[in-house]
Amino acid sequence: ASWRCVPIHSALVEHGFIEFLESQKNAGYTRPFESNWKPNIFADGAAYKWSHYVTNWGGRELTKLREGQRIIDPGNKLSYFHSMRHLASQLMGRAKVPAEVAEAALGHKYAGGERERYNKLKSDPVQLSREGVEPGMKALAALL
């Protein structure tokens, strides 16, 4: 819900995601997708959350993918947004991505024996994308 430096899959780059984000930022928006997604403003008017609409949108899109049989999900085990990180973790695990790479890509804290490598990984989104996001998200990228 804010501007960050994160690793993304090359399929998103190929489909113009970077250009879209740059156009949003150049248009003066303070958050990605702000032009289309408004925050959930609480009754007191003072507090708001940007993630609610995104969460609901992702769930709706995942349902469409299932119904159109573009994604096979026995038992409806896949979910979206908050659980999107869990899905990414599962997919990276299935792709045999090393734990410290997967955890760095997901933004987790890591206290394992590879702490020094992990800390370097967290500061290098290109390496995280190459070693974690690319192999881990291959199945989802195929949907694009």
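The values are calculated or read from the model by the stated rules, or taken from the named source; none is laboratory data. If you're wondering where the values come from, they're calculated on a predicted model, not measured in any experiment. Cβ atoms come from the backbone with ideal geometry, glycine included; neighbour counts cover every protein chain shown. Just the protein is used for accessible areas: all its heavy atoms, side chains included, with ligands, DNA and RNA removed. Shrake-Rupley method; radii C 1.70, N 1.55, O 1.52, S 1.80 Å.
With the condition kept exactly as written, say whether any residue in segment 9-18 is open to solvent by less than 50 Å² (accessible area, probe 1.4 Å), in a loop (DSSP other than H, G, I, E, B) and in contact with a Leu (Cβ under 8 Å, 6 or more places away or on another chain). Steps first, please.
Quick first cut of segment 9-18, residues open to solvent by less than 50 Å² (accessible area, probe 1.4 Å) only: 9-11, 16.
Keeping just the survivors that are in a loop (DSSP other than H, G, I, E, B) gives 9, 16.
Those still in the list that are in contact with a Leu (Cβ under 8 Å, 6 or more places away or on another chain) too: 9.
The answer is yes; a qualifying residue exists.
Being among the small types (Gly, Ala, Ser), open to solvent by 20 Å² or more (accessible area, probe 1.4 Å) and either in contact with a strand residue (DSSP E or B) (Cβ under 6 Å, 6 or more places away or on another chain) or modelled with pLDDT of 85 or more (or both) is the filter here, so list the residues in segment 93-143 that pass it.
Correct list: GLY93, ALA95.
Just to be sure before I move on: is GLY45 modelled with pLDDT of 85 or more and either charged (D, E, K, R) or more than 27 Å from ARG130 (Cβ to Cβ) (or both) in the structure I sent? So that I can check it myself, show each step before the final result.
Working: modelled with pLDDT of 85 or more: no; either charged (D, E, K, R) or more than 27 Å from ARG130 (Cβ to Cβ) (or both): yes.
The answer is no for GLY45.
Of everything in segment 64-92, what is more than 14 Å from the chain's Cα centre (by Cα), surrounded by 13 or more Cβ atoms within 10 Å (Cβ to Cβ) and either in a helix (DSSP H, G or I) or modelled with pLDDT of 80 or more (or both)? Give them in sequence order.
Residues satisfying the conditions are LEU65, ARG66.
Can LEU21 be described as hydrophobic (A, V, I, L, M, F, W, C), modelled with pLDDT of 85 or more and touching a helix residue (DSSP H, G or I) at 6+ places or on another chain (Cβ under 9 Å)? First the steps, then the outcome.
Details: hydrophobic (A, V, I, L, M, F, W, C): yes; modelled with pLDDT of 85 or more: yes; touching a helix residue (DSSP H, G or I) at 6+ places or on another chain (Cβ under 9 Å): no.
No.
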